[in-house]
Structure formats: structure tokens, C-alpha cells
Amino acid sequence: MRILVCVKRVPAPGARINVTADGQTVDAAHLGFTTSPHEECAVEEAVQLTEAHGGEVTVMTLGPVAAEEQLRYAASVGAHHFVLIPIDDVDWDPQRTASALAEAIAAVEETNGAFDLILFGNESADAGGFQVGVRVANHLGRPIVNGIKGIEIGGEQGGELDEGVATARREIDGGFEVYNVPMPAVLGVKEGINLPRYPTMKGRLASKKAVVDTDERTVEAGGQVRLRLHRPVEQISETVILGTGPEAAPAVVDLLEELGVLS
Amino acid sequence: MSLLVICDHDRGTLSDASLEALTFGRPLAAAAGLEMAAVVIGEGADAAAAGLGAHGASTVHVASHPLLTDFGPEAWGETVVQLVRGTGATAVLACGTDRGNEVVAQVAARLDQPFVANCRSVDPTGDGSGNWTMTRVQWGGSLLEDATLTAEIRLVTVAHHVVEGVAAEAPASGTMVSFVPELDDALARTVVADRVVLTRGITLSTAPVVVGGGRGVGSAEAFAPLEELAGELGGVVGCSRAVTNNGWRPHSDQVGQTGTRIAPEIYIASGISGAIQHWVGAMAAKNILAINTDREANMVTRAGHAVIGDLHQVIPAITEEVRRRRG
Ligand SMILES: Cc1cc2nc3c(=O)[nH]c(=O)nc-3n(C[C@H](O)[C@H](O)[C@H](O)COP(=O)(O)OP(=O)(O)OC[C@H]3O[C@@H](n4cnc5c(N)ncnc54)[C@H](O)[C@@H]3O)c2cc1C
């Protein structure tokens, strides 16, 4: 089977998140970058599915040229083909992102045929627009379900097992919902669907040789315009230090009693 | 002209999230000069719709169709689209739950309109030229974005837990109108086919006490004392992403932006540095006790209480003291 995964490069801030002076983006001067966690799991899922059922994984990203780093990381954990849609450093709005991705996907599919599955992260870790996958699915006229934490190929359709169906599990409070989605399909994946592997030495070497195709897209901006980013105001109160080491235990249990959680 | 609020329910009982959306929607509709309407979809919708006048909805559309008996993002999205077209609604609002955001994204894609997810505030008088302005959540709440929205039909969600759902001071008529959309059979492809119940009892998101462990715990086995303390306190164990990435605990135990948001009476966070992505999942805890060898760790400086020390000694000592006092 042929699977496409759309991923986003995001900064990896630690204890604090800073914004550039113009308020347009996260100040990443001292930060590393990573693949947005849901999408890292989507890549792993795609690789596992092709390991089980045969086929190839293509990874596509819309981002700065530096996002090639995330495509090469995907290569190091087993993906096969790579497409970069280059933009400047500031995010495109969700409509614009989705249109560019849909065009680029259509272009790949025109030569190679439709992907059986297209995976997105449920939402990007940074902007969190909750819509790009849905818009792309709609452009392509395909079904999509979000929040997916389990995928199996083959599902029941009209009482029979159908190889053309992806059975997807979506987590809800205290359980999950099951969807039987006919392929070609699009799914929005969440972290926890699997535990992504670390790259092997062999994978790292292969990733250096991976070929990244560049596909420039000029698409009109959408109706959501960023004015500025800022940190929420926080009330930080003094921390009461209850003690040092195990001798602090009585003070801790006093606190637990006070809060009424001991009863 | 109206603001249409999408209300979610579980077999007739409105979700808290829906009440939040209605509470957020009332002043928004008033400031925008719009009537507030609501839509309730699927089996049990009648029962859920009945109380919505008290929450300020003047019209309540009750949508039913054989394809709407269970949730399906495409069928729900298409239903709202047809209702928007049929009633001339100029704005749509839902609560930014997974479902709420997914359904509004479906509406946005189908109407080819922008959609601003997870707003904390929305000003319909905006920039004075007809555009709305808003502040929305990024990074799961660690960062905010001021944005403008230019659209024929304004589609927004309000971030979950930004407002508390309360009844309207002046109830509206809540006139119920039934609505039967025309849905293509093909949309059955994304309707829930089955439902599996896994856990009953306390879960991470509802536990009164969460004992959290991070990289500082060191191994899967070393979580045993945390389990013991959680057991004593009627709570559950949570963890950081460093822990799930190492395979020490399942992802369902992860607290944070890409894990579970917790709101216990007390969160005991041990061996966790307190990165922003962890903090956003923990900050709704009423009290936080950090246990860390590093006095400068973010978790320590942000917590109300802290113990400086090795969690491998501190946690068993707390368990012992609890047992001693209980006798
Ligand atoms: C987009 C994105 C999303 C993310 N989502 C999440 C999320 O949902 N949840 C999450 O948790 N993280 C998330 N992360 C990861 C996050 O940034 C941190 O890397 C992670 O939370 C660190 O885990 P930690 O605190 O356990 O480990 P560390 O940061 O390594 O901290 C370990 C802490 O343990 C203390 N310690 C060590 N030994 C002991 C001891 N013996 N006794 C007491 N204290 C000790 C140290 O002083 C230190 O403070 C995300 C990251 C990104 C980029």
C-alpha cells in the first residue's frame, strides 16, 4: 500500500516560550526543532503498516527550507519518498496551507496514482488550527476521521471482511469509537497510537542519501490573519518549600490532611 | 441573522462543553447584533434541546436523519452546512473539544470559509471594518495569538474551560424546530460503527490525586513506590513524555499538551522538570507539590509546595507517614 504522511516542523521549547520582536513567530534562536509529536507517530504508523502489508511511505511537509531536517529524520526511521513545499519562516494560515498541500498531493497522485491512506497529525503542536487535514480530505473528496489512536487494514463492510477498508479507533472518555473507513482515506492521528522507534545507524546513513523533491506552490492567503503572538499572563506565587529529603514527609502529610485527601 | 451554536450531548444529556459554548455565545451574539440559535444533532437530541431556552437560545434546531443516530464528522458537518444555508446564519460557534473542532473544520471545508479554533475571547466589533478579532490558544495554552477573521460566515470554537457554563440571566424562548437534512448515503463511511468501553472508575482526567513521575524516576520498575502512594491516596499515577518515550509507562498515563489534562485536588509531580508542554496539562490542578532534586526546576518554581530531594527516598517516606497516621 502507498501511504502519505503530512508533517510539520516545530520548535521544541523547554521551560519558557519566547516570541520574536515582531510577534509573528516563536523565537527559536536557542531552540532545537522537531516533528510535531502527533505526526511523528503518524510516520511511525505508516512505516509499521507498510512493514506489515508491503508498500511505501511518502512524507510531505510545508515549511521553511530547514524542514528538510524533519524529512530526513523520517527517512532515518523508514520512510521512502519526500516532498518539501518551501515557505518563509512564518506559518501560512490553515486555508492556505491546506490548499498548497492538496495541490501538491494531487500532483504526486497524477503520476503515481492515489495514496491508499493519507495521515495527518490531529493538530499541529504549535499553531493548533485543528483543520488542515479535514480541508485537504475535502479538496480530494475523501473521508476523514480525526483523533485516531489505532489503525488496522481490513475491516467489516456489510458483514464481510474488506481489505479496502481501514478500521480506525478513536479515543473517547473511558473507551473508544470504531470507524470502518473505505480507502483511499485520510486519518488524523494522535500521539499514543504507537511508540515511535529511534533511528538506527543504518537509518541515519540512508537518510543522508534520501532525495527530497521540492514543490513550490503559490496559493492565496485565507481569512485568518495573525496579528501577534504573546505569552499568557501568569500569576506565579512563591513556592512553599516543605523541607528537604525524606524528613519532609510529615509536612507533606500535614498538607494532604489539610486538603482532605487522606480520608 | 443568527449565530448558530453546535451543542453536543450524550444520549440526551448536554455536555458541559455545550453549556460553555452557549455561555460564551450569549455576549458574542449580543455584541454582534445576532440572534443566538442552537443545533442539536442525533438520537436523544429532543431531550437535550428542551432546556436550551434557559441558556439563551431563541431557536433550537433539532436535526434528525437515519445517518445521524451516532456520531459521524462528515454527516454532522454536512448537517450544519445545510442548516447555515437554510437559516442564513452568519456565524457558527462550538466548544473546542476534539469533536467540536472536528465538526467545525468539516463545516469550514465544505463552505470554503476560514475557521479560527480555540478562542479565548472574540470581539465582533473587531477592527471596525467588519472583521472580527480574537485571541486564540497556541501550544495547547502556553502561547496566545491575536488574530483577525475576514469571512462571509464566521466559524469559531471557544477553547474548552475558558468559561464555565451557566444559565442565561434572561432566558430566551428556545423554540424547537425540527430539521431533516438531505444526506448522501456515502457519508455512512465515517459514522461510528462500534463503541468499546474500556475503563470504569477513576481515570487520569477525573482522579482527585495524581502522583506523577518523570525522567527522574529512572525506570519502569521504579514507578512501584509511586503506585503505592497513589493507591494509599485513592489516586492514579501520571507521567511525563520522557517516561512514555522511554516505554516505562503507557501513553494513557501521560500528562500534558499531547497527553491528558488533569485537574486533581493535588498533583504530586516527582522527577519532572516542568516543561511548558507538561505544565499546560497540569496547571488546572488545584494544588501542586513538586518533588525534585533541583530547586530551580520549573516545576518547583511554579508549584505551590515543594520538597527538595531524591524522589526515591521522599515518596516511600510519605507513604510510610500516611500509613503511620492511619494506624
Ligand atoms: C510539541 C511538544 C509536545 C510535548 N508534549 C508533552 C506532553 O504532553 N507531556 C510532557 O510531559 N511532555 C511533553 N513534551 C516534552 C517536554 O518538552 C519535556 O521534554 C518533558 O516533559 C520532559 O520530561 P521530564 O520532566 O520527565 O524530564 P526532564 O526534563 O529530563 O526532567 C527530569 C527532572 O527530574 C529531576 N530529577 C532527576 N532525578 C531525580 C531524583 N532522583 N529525584 C527527584 N528529582 C529528580 C531533574 O532535576 C529534572 O527536573 C512535549 C514536547 C514537545 C516539543
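The values are calculated or read from the model by the stated rules, or taken from the named source; none is laboratory data. These numbers were taken from a predicted model, which means no experiment stands behind them. Glycine gets a Cβ as well: all are built from the backbone with ideal geometry, and neighbour counts include every protein chain shown. Ligands, DNA and RNA are stripped out before the accessible areas are found, and what is left, the full protein with its side chains, is counted by its heavy atoms. Shrake-Rupley method; radii C 1.70, N 1.55, O 1.52, S 1.80 Å.
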request  = On a C-alpha basis, how far is the centre of the stretch B:10-69 from the centre of the stretch A:183-226 in Å? Whole number, if you could?
outcome  = 38 Å
key: Highest average packing first - A:232-245, B:27-40, Cβ atoms within 10 Å   = B:27-40, A:232-245
message = I want the local charge near B:ALA48. Using Cβ-Cβ distances under 11 Å, sum +1 for each Lys or Arg and -1 for each Asp or Glu among the other residues.
response = -3
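Taking K and R as +1 and D and E as -1, what net charge do the other residues with C-beta under 12 Å from the C-beta of B:ARG11 add up to?
-4
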request  = Please express the Cα-Cα pair-distance distribution P(r) of the stretch B:116-206 as a list of whole percents, one per 5 Å bin, running from 0 to the bin with the greatest distance.
outcome  = 3, 9, 12, 10, 13, 17, 17, 15, 4, 1, 0
task = Kindly express, to the nearest 10 degrees and within the range 0 to 90, the angle between helix B:311-326's C-alpha long axis and the longest C-alpha principal axis of chain B.
result = 90 degrees
ask   = Using Cα pairs under 8 angstrom and six or more residues apart, how large is the relative contact order of the stretch B:215-275, in percent?
value = 33 percent
key: Contact order relative to length of chain A, as percent, for alpha carbon pairs under 8 angstrom and 6 or more apart   = 24 percent
key: Whole-Å semi-axes of the ellipsoid equivalent to chain B (Cα gyration tensor, √5λ, descending)   = 43, 22, 18
key: Accessible area in square angstrom per residue, the protein assembly as shown, 1.4 angstrom probe   = 40 Å²
ask   = What is the antiparallel percent of DSSP beta bridges lying wholly in chain B, to the nearest 5?
value = 20 percent
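Please return the longest range in chain B lying between exposed loop sites, taking trypsin sites (Lys or Arg not before Pro), DSSP loop only, at most 15 other beta-carbon atoms within 10 Å, and leaving the sites out.
With trypsin sites (Lys or Arg not before Pro) excluded where exposed in loops, chain B gives B:12-199 as its longest stretch.
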Percent of beta bridges antiparallel (DSSP, the protein assembly as shown, rounded to nearest 5) = 35 percent
ask   = Accessible surface of B:ILE262 in the full protein assembly, 1.4 angstrom probe, to the nearest 10 Å²?
value = 0 Å²
task = Partner chain Cβ atoms within 10 Å, averaged over the residues of B:184-194 - can you pull that number for me?
result = 5
query = For helix A:37-53, what angle does its Cα long axis make with the longest principal axis of chain A, in degrees from 0 to 90 and rounded to 10?
reply = 40 degrees
request  = Give me the net charge of A:ALA28's neighbourhood, meaning all other residues with Cβ under 11 Å from the Cβ of A:ALA28; Lys, Arg count +1, Asp, Glu -1.
outcome  = -2
query = Can you pull out the GluC sites (Glu not before Pro) in the stretch B:132-175 that DSSP calls coil and that have at most 11 other Cβ atoms within 10 Å?
reply = B:GLU152, B:GLU164, B:GLU169
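Counting only DSSP beta bridges with both residues in the stretch A:2-259, tell me the antiparallel percent, nearest 5.
Among the beta bridges of the stretch A:2-259, antiparallel pairing accounts for roughly 45 percent.
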For a label point 7 Å along the Cα-to-beta-carbon line of A:ALA66, residues of the stretch A:90-105 with backbone N under 18 Å = A:90-92
remark   = If R0 = 56 Å, then A:LYS208 and B:GLU169, at their Cβ-Cβ distance, give a FRET efficiency to the nearest 0.05 of 0.30
message = Would you calculate the convex hull of the Cα atoms in the protein assembly as shown and tell me its volume per residue in Å³?
response = 161 Å³
request  = With a Förster radius of 22 Å, plug the Cβ-Cβ distance of B:ASN245 and A:THR25 into 1/(1 + (r/R0)^6) and report the FRET value to the nearest 0.05.
outcome  = 0.25
request  = Treat each spin label as a single point 7 Å out from the Cα along the C-beta direction, and report the B:ARG85 to A:THR200 distance in nm.
outcome  = 5.3 nm
request  = Just need the relative contact order of chain B here, percent rounded to a whole number, with Cα pairs under 8 Å and 6+ apart.
outcome  = 15 percent
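DSSP loop (so not H, G, I, E, B), at most 13 other Cβ within 10 Å: list which GluC sites (Glu not before Pro) in the stretch B:228-307 pass both filters.
B:GLU296
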